[in-house]
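Structure first, commentary second.
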Amino acid sequence: MTNSDFRSRSVLSPGFFKHVLTVAALVLCVLPVRAHATFHLMVIDELLTSYGGDANVQFVELRMLSAGQHLVGDTVLAVFDDGGYAGDVLVLPNDVAVTAAGARVLLATADFTAATGLTPDFTIPASLPLGGGMICWGAPGSVAPPPTWDRTVLANYIDCVNYGSYAGPMNIFGPTPVSLSPEGRSLQRTGNSAGGDDADFACSDPATPRRNDGATTTMAATSPCPSLPLTKDQQKCANGFINASSKVLKAYGKAAATCVKDIGNDKGAAPEPAACVAADPRATKKTGKAEANVDKQIDKHCSVPYPMDCPPPCDANDSGGATTGIDDDAELKACLLCYNKAASWSGSQPSLFKGVHGRILDGATIVSKSVDPAGAKCQTNTVKFTEKLFKTYAKEFVKCVKGEFKADALPPVDVCVGVDPKLKIDKARMKLDDKVNACTPPPAFDGGECASLDGPALTGCIDSVIRCETCQWANLLTGAAVDCDLFDNAVVDTSCQ
């Protein structure tokens with residue numbers, strides 16, 4: 001068979017998935033312990049049929065929805081074209097070792113290995129349909145597939161994905177083909193449940209094929225993913241964790257401002273702000289609650305993989321290690337936990353990743369009123385209104401994003417970074433400037449990025465730091481690509497990296 005022989009596509013129906021769960025439960029009641037280790041609770045998770053115009057670079061990735069689904073030996077990967085069953089791509093020759101929920105099984109061509117350096121679990125011929133087709137995987141049977149079975153009967157498979165121009169036999173797992181074809185970019189499942197239309201699969205850039213042992217690679221799309229308005233469910237997901245993330249910034253900012261005030265009032269707080277924030281049980285309770293709410297919003301509204309990259313150094317905190325792709329809720333949570341904290345306050349991060357309050361306060365002496373009453377008041381007010389300005393930037397961004405998504409704006413919503421329709425940011429900036437100008441004697445800080453500055457110069461420096469951190473945070477959350485180095489101070493000078 002050649003690639004032109006195929007025209008196919010697929011999807012899993014909720015009804016069939018429930019049927020599978022019911023059958024699996026019955027099997028567990030009557031069979032020995034080995035029945036736990038089957039292959040039925042799996043889905044086709046990601047696929048790519050060409051890369052850079054090369055139809056010999058192909059892969060299909062399966063994902064385990066439950067533990068113990070590793071008995072994949074003798075299951076079949078098959079293809080359908082408009083005329084029906086077109087042939088087996090591969091009868092899997094053996095089981096796999098890793099059995100954890102979320103584990104993958106990677107089937108790919110030899111040219112895929114040559115292009116990426118990643119050897120798959122199983123090598124397949126370059127026979128996945130281009131343009132449109134249906135790919136099916138699985139086998140009948142409760143634990144092990146029978147020696148022979150009818151490949152033309154779709155009910156015998158565990159999952160099918162039909163895509164592009166496919167017009168063959170109706171996919172019983174989902175009748176509507178995924179509108180895109182996986183050429184030059186992968187199609188990746190967006191959730192854990194069965195299904196297979198445009199709500200179940202998304203164009204993925206980069207592709208993130210992963211082997212059973214966890215080894216992975218990223219493949220930047222050679223055919224760009226089209227921008228589409230977010231669905232209502234996707235809007236709930238994005239709006240939920242973006243709004244919750246803004247409250248994390250607020251919690252850390254308030255904690256930093258409170259610590260500077262406590263140090264200034266001789267209340268026994270640690271003399272260095274980062275240590276004070278870490279040691280203050282009030283602060284850790286409030287920041288912890290805010291961070292937990294991000295996880296709550298993800299669990300409530302989000303289906304993953306989420307089309308977002310996690311930048312360094314936060315990528316090292318996700319469950320996949322130092323990779324940019326986010327393909328499960330644990331990685332999304334880990335990335336946001338790291339990045340939300342670092343945008344506001346994170347003294348343990350590298351020097352260019354300290355957040356607003358870290359960049360302003362690290363290295364600065366926080367004075368007490370018993371030593372310098374005017375200086376303590378100046379620092380307390382400056383940090384308090386710095387936090388209010390930062391909070392206002394984030395709040396206006398959240399409002400704008402919600403409105404843009406509701407109006408079916410195509411992501412990414414770059415227009416929302418720094419937007420100020422009612423001049424609330426401008427008013428917060430003027431209030432900060434008033435507090436800075438009231439300082440006697442200046443300057444407010446002897447260290448940090450705004451050291452030795454006073455008056456409008458200090459306000460401008462603080463505003464530039466806030467604009468930088470807000471921009472990077474906003475880019476992460478929406479996939480925007482605003483040039484933050486230009487945005488922070490209108491000059492390309494590497495001040496925001």
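We did not get these values from a lab; they are worked out from the coordinates using the rules stated. All of these numbers come straight from a predicted model, not from anything done at the bench. Here the Cβ positions follow ideal geometry from the backbone for every residue, glycine too, while neighbour counts run over all protein chains shown.
Using the Karplus curve 6.51 cos²θ - 1.76 cosθ + 1.60 with θ = phi - 60°, what ³J(HN,Hα) values do you get for each residue of region 132-144, in whole Hz, with x for Gly and Pro?
Calculated HN-Hα couplings, in order: x, x, 9, 10, 10, 9, x, 4, x, x, 8, 10, 10 Hz.
Only Cα pairs under 8 Å and at least 6 apart count here; give the relative contact order of region 420-494 as a rounded whole percent.
So the answer I get is 19 percent.
For a quick check of your reading of the filter: which trypsin sites (Lys or Arg not before Pro) in region 341-424 sit in a DSSP loop and have no more than 13 other Cβ atoms within 10 Å?
LYS422
So for ILE298, ILE158, fewest C-beta neighbours within 10 Å to most, what's the order?
Result, fewest neighbours first: ILE298, ILE158.
Mind scanning LYS300/LYS422; LYS236/LYS261; LYS236/LYS384; LYS286/LYS395 and naming the pairs with a C-alpha gap bigger than 26 Å?
Long pairs (Cα-Cα over 26 Å): LYS300/LYS422; LYS236/LYS261; LYS236/LYS384.
Want the number for THR365 to ASP299: 0.36 nm per residue separation, take away the alpha-carbon distance, what's left?
19.6 nm
Which one, (1) 45, 28, 22; (2) 53, 23, 18; (3) 48, 29, 20, gives semi-axes √(5λ) of the Cα gyration tensor in Å as derived from the coordinates shown?
Comparing each candidate, only (2) matches the computed number.
With the cut-off at 1.5 for a/c, could you classify region 320-475 from its C-alpha gyration tensor as rounded, prolate or oblate?
oblate
If you line up the long axis of helix 14-30 against the longest principal axis of the chain, both from Cα atoms, how many degrees apart are they, to the nearest 10?
Compared with the principal axis, the helix lies near 70 degrees.
For a Förster distance of 41 Å, can you work out the FRET efficiency between the beta-carbons of ASP414 and THR218, rounded to the nearest 0.05?
Computed FRET efficiency for ASP414 and THR218: 0.95.
Any chance you could give the angle, 0 to 90 degrees and rounded to 10, that helix 455-478 forms with the longest Cα principal axis of the chain?
Result, in degrees: 10.
So what are the ³J(HN,Hα) numbers for region 240-249, from phi and the Karplus equation (6.51, -1.76, 1.60; θ = phi - 60°), rounded to whole Hz, Gly and Pro as x?
Result, rounded to whole Hz: x, 7, 5, 5, 5, 5, 5, 6, 5, 4.
Quick one: dipole size for the chain, taken about the Cα centre, charges +1 on Lys/Arg Cβ and -1 on Asp/Glu Cβ, in debye to the nearest 20.
So the dipole magnitude of the chain works out to roughly 2260 debye.
Give, in nm to one decimal, the length gained when the segment between LYS406 and MET430 is fully stretched (0.36 nm per residue of separation minus the Cα-Cα distance).
5.5 nm
Using the count of nearby Cβ atoms within 10 Å as a rough guide to exposure, how do THR123, THR38, THR392 rank from fewest to most?
THR123, THR392, THR38
Please list, in chain and number order, the residues 5+ apart from ASP45 or on another chain whose amide H is under 5 Å from its amide H, with Hs placed from the backbone.
Residues meeting the amide H criterion: GLU61, LEU62, ARG63.
Quick one: Karplus J couplings for region 209-217, per residue in order, coefficients 6.51, -1.76, 1.60, θ = phi - 60°, nearest Hz, x for Gly and Pro?
Each residue's phi maps through the Karplus curve to give x, 9, 7, 4, 7, x, 4, 9, 8 Hz.
Between ASP54 and SER227, what FRET efficiency follows from the Cβ-Cβ distance if R0 is 25 Å, with the result rounded to 0.05?
Here the calculated transfer efficiency is 0.50.
Which residues' amide hydrogens lie under 5 Å from the amide hydrogen of THR365, considering only partners 5 or more residues apart or on another chain, with H built in the peptide plane?
Here the answer is ASP446, GLY447, since their amide H atoms fall under 5 Å of that of THR365.
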